[in-house]
Amino acid sequence: MSRKVEGRISSVRGHRIDVHEVGEGPPLLFLGAGIGNDPGRAAIEILARKFRVIAPSHPGFAGSERPRSITTVDDLSYFYLDLLQEHSLSGAVVVGVSFGGWIASEIAVKSTAHISRLVLADAVGIKIGDRETRDITDVFQITEDNLRKAIFATPAPRVVDYKSMTDAEVLAITQNREALARFAWSPYMHNPKLKDRLHRIAVPTLVLWGAEDGVVSTAYGRAYCAAIPAAAFATIENAGHLAQIDQPEDFARHVLDFTSGALTAKRETTGAA
Amino acid sequence: MRVYHFSEQAYPDVWEGHPGTLRVSLPNGRMDPDRAADLLHRYYDEWLLADELGLDIMVNEHHQTATCMSSTCIVALSVLARITKKARLLVLGYPMGHRPDPLRAAEELSTIDVISRGRLDMGFVKGVPYEFACSNQNAVGVMDRFWEAHDFVLKAMTTHDGPFNWESEHFHYRNVNIWPRPYQAPHPPIWSTTASRGTARVLGAKGYVMACLGSGYNSRPIYDAYREGFATLGRGSEPSADRFAYLGLVAVADNEAKARERAVHVASYLRTSPIVAPEFRNPPGYLSPEDNARILKGQTPPRTRTKDGRPISMFDGSIQDLIDAGVLFCGTPDQVYSQIVEFSDYCGGLGHLLMMGQAGAMSHADTVDNLTLFAKEVLPRLKSH
């Protein structure tokens, strides 16, 4: 049974960051989607039975300071490379969901020195279509009802009642929406250069996709996968863009199955040291 | 008081039966270029008339909309700088938040100032929310970009021993040395507009001319915030009335019934201006997270109110509601004069009335009569008020 350890990491290079940290074991850096850190917790609790899960709220998102110099996803990737180094996380599994998947890719093309496995779930960040085709549903100009239908395949998360939330919870939502737009307004949700850099990702990678993702199609996911040398593709049924919310058990099982090798590798490394 | 004739140069023929939006996403196939040409020539004729009548002129711009065919204020200013003689030419505003290139702004506005022999007033604004969907500029951080662009334009207009170098957070130039330099020294007067008390304080501290746009009897706290800002620099006196402007609708006629018929056309601006598909109305970053949180919690911002505090709707309130709210000045010349003076006194004194003297489907004949009667019967009294 895992023991919860809250708040072990609280800053990077002196910049305050809000981290949901739970479990013990090899490190798993969970980079969440643009809607913010909170909704993925069910899957995270399962992952925490095997891993020390580190789920930060990205710089500029609710609870986390944004140093003024951080204005792009490229900057975010350096921030997390600093986090991995400063907090001595070696052999980390990095799981990135949606916008967090974009950040994870940007990290991995720069360095996998601290990374053993990479999971990209319904990740954005690359351009695959022609110039007049928008690959990614525009989350910044869509009604909220339609957005929730595009994101979620199951009924429960499609419903939201702001009036029953605390002021702080609603404020976190609006802060996250603004933070996401800062990084992803234009070019919309991608870095035009990233696709040609994906060949640099030097660790085993799982590209995991909600079969009913209404934000980025499975075809987009397969194209993402094809650009990464050691990548496998898998889908989760009855799941939309945020599979860890629609199907937390299936999501966690895919990650655990894929990383069981990483756990073994970690033990071997520890034994050899 | 100076009075400026303003029209949004609308294309009203498609206002009936629209598909839920007049802005951003209404296909331009709905527009007949020949009809647009006729309308635009007519609107320039009316500005020429305003010039001859002793009125000043205000222009603006909007994008991808049937409510305003002025897609760049630079075109309107360029035409008017050449064909008018006396009128001040106010742009309110130049949407700095939507512009990627402040060097071009400095060059264009300086050239217009020279052609008009120093008649330009430069209103800088961040731009309306739904047009970030058109310009693709990011609404997040727009005020940071706005103020850097502002600093840059002023330095470009006031540096005469250049070139100078500019490498900052948002803009990069290696040889800034604009030709022509502005006609007015040190630069054309700066205006802006806001509905926020915080921004009003900043504008007051800078001493710029501040306009409230159609906010009626809700405007006083904004002007007062300006006064607070003005006082922060240790200035010895209150800001003079020429620091304050207000945009109101005007329908004047020789009898009240006719004025109210005319008002229906002028007020059509209020009835059509907000028609935009909901997904474009509030791009992230335009409002603060705190304001957006209040909206999600169902706490709507304060509505327009009459002088005695009655809330009214700009979208479907009656003509009388709009008059009571100080949004519309309407009636005989005597009535319009009294309404304007009462409103100006309530605000603590206004130096500039930005008069929407034409809107929507208001005919040329109606517009000519509206402007002429105002200029002959109301303007002289306001000038001496």
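The values are calculated or read from the model by the stated rules, or taken from the named source; none is laboratory data. Predicted, not measured: the structure shown is a model, and the values here were computed from it. No Cβ is skipped: glycine too gets one built from the backbone with ideal geometry, and neighbour counts run over all protein chains shown.
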* Structure fact -> Flagged pairs (Cβ under 9 angstrom, 6 or more apart or on separate chains; first in the stretch A:110-138, surrounded by fewer than 21 Cβ atoms within 10 Å (Cβ to Cβ); second of a type in the set (Phe, Trp, Tyr) and not in a loop (DSSP other than H, G, I, E, B)) are A:Lys110/A:Tyr78; A:Ile128/A:Tyr220; A:Ile128/A:Tyr224; A:Gly129/A:Tyr220; A:Asp135/A:Tyr220
* To do: For B:Thr332, indicate whether it is surrounded by 13 or more Cβ atoms within 10 Å (Cβ to Cβ), of a type outside the set (Lys, Arg) and either within 14 Å of chain A (Cβ to nearest Cβ) or under 30 Å from B:Thr372 (Cβ atoms) (or both).
  => yes
* Structure fact -> Scanning the stretch B:248-286 for residues that are facing another protein chain (nearest Cβ under 9 Å) and out of contact with any Pro (no Cβ under 8 Å at 6 or more places or on another chain), the one nearest to B:Met362 (Cα to Cα) turns out to be B:Ala277
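Being over 27 Å from A:Tyr188 (Cβ atoms) and part of a helix (DSSP H, G or I) is the filter here, so list the residues in the stretch B:110-151 that pass it.
Keep residues of the stretch B:110-151 that are over 27 Å from A:Tyr188 (Cβ atoms), which gives B:110-124, B:150-151.
Matches in the stretch B:110-151: B:Ser110, B:Thr111, B:Ile112, B:Asp113, B:Val114, B:Ile115, B:His150, B:Asp151.
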* For the stretch A:158-205, how many residues meet the condition of being in contact (Cβ under 8 Å) with a residue 60 or more places away in the chain, part of a loop (DSSP other than H, G, I, E, B) and β-branched (Val, Ile, Thr)? -> 2
* Just give me the residues in the stretch A:161-199 being facing chain B (nearest Cβ under 8 Å) and acidic (Asp, Glu), in sequence order. => A:Asp167, A:Glu178
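Counting only residues that are at pLDDT 95 or above and loosely packed, with under 15 Cβ neighbours inside 10 Å, which one in the stretch B:297-329 is farthest from A:Tyr162 (Cα to Cα)?
Out of the qualifying residues, it is B:Gln320.
A quick yes/no check of all residues on (1) in contact with a Cys (Cβ under 8 Å, 6 or more places away or on another chain); (2) under 24 Å from B:Leu39 (Cβ atoms); (3) hydroxyl-bearing (Ser, Thr, Tyr); (4) surrounded by 23 or more Cβ atoms within 10 Å (Cβ to Cβ):
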| position | (1), (2), (3), (4) |
| --- | --- |
| B:Val75 | no, yes, no, no |
| B:Val91 | yes, yes, no, yes |
| B:Tyr94 | yes, yes, yes, yes |
| B:Arg104 | no, no, no, no |
| B:Val114 | no, no, no, no |
| B:Val125 | no, no, no, no |
| B:Glu131 | no, yes, no, yes |
| B:Cys134 | no, yes, no, no |
| B:Gly141 | no, no, no, no |
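Would it be correct to say that B:Arg294 is facing another protein chain (nearest Cβ under 10 Å) and crowded, with 17+ Cβ neighbours inside 10 Å? Working first, answer last.
On the way: facing another protein chain (nearest Cβ under 10 Å): yes; crowded, with 17+ Cβ neighbours inside 10 Å: yes.
When the stated conditions are applied, B:Arg294 passes them.
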* Asked: All but one of (1) touching a residue at least 40 places away in the same chain (Cβ under 8 Å); (2) in contact with a Cys (Cβ under 7 Å, 6 or more places away or on another chain); (3) farther than 16 Å from B:Ser116 by Cβ hold for B:Val59; which doesn't?
  -> (3)
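Do we have any residue at all in the stretch A:149-160 that's more than 12 Å from chain B (Cβ to nearest Cβ), surrounded by 21 or more Cβ atoms within 10 Å (Cβ to Cβ) and in contact with a helix residue (DSSP H, G or I) (Cβ under 6 Å, 6 or more places away or on another chain)?
Going through the stretch A:149-160, the residues more than 12 Å from chain B (Cβ to nearest Cβ) turn out to be A:149-159.
Now drop any that are not surrounded by 21 or more Cβ atoms within 10 Å (Cβ to Cβ), which leaves A:151-153.
Right, trim to in contact with a helix residue (DSSP H, G or I) (Cβ under 6 Å, 6 or more places away or on another chain) and you get A:152-153.
Yes, the stretch A:149-160 contains at least one residue that is more than 12 Å from chain B (Cβ to nearest Cβ), surrounded by 21 or more Cβ atoms within 10 Å (Cβ to Cβ) and in contact with a helix residue (DSSP H, G or I) (Cβ under 6 Å, 6 or more places away or on another chain).
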* Could you run through the stretch B:204-221 and say how many residues are buried (at least 24 other Cβ atoms within 10 Å of the Cβ) and farther than 20 Å from B:Ser313 by Cβ? => 3
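Hey, can you tell me all the residues within the stretch B:249-296 that are small (Gly, Ala, Ser), under 17 Å from B:Thr372 (Cα atoms) and in a helix (DSSP H, G or I)?
B:Ala259, B:Ala263
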* To do: Examine the stretch B:243-265 for a residue that is more than 30 Å from B:Ile319 (Cβ to Cβ), buried (at least 22 other Cβ atoms within 10 Å of the Cβ) and of a type in the set (Gly, Ala, Ser), and state whether such a residue exists.
  => no
* Determine if the stretch B:311-322 includes at least one residue that is in contact with a strand residue (DSSP E or B) (Cβ under 8 Å, 6 or more places away or on another chain), away from chain A (no Cβ under 14 Å), over 26 Å from B:Ala87 (Cβ atoms) and among the acidic types (Asp, Glu). => yes
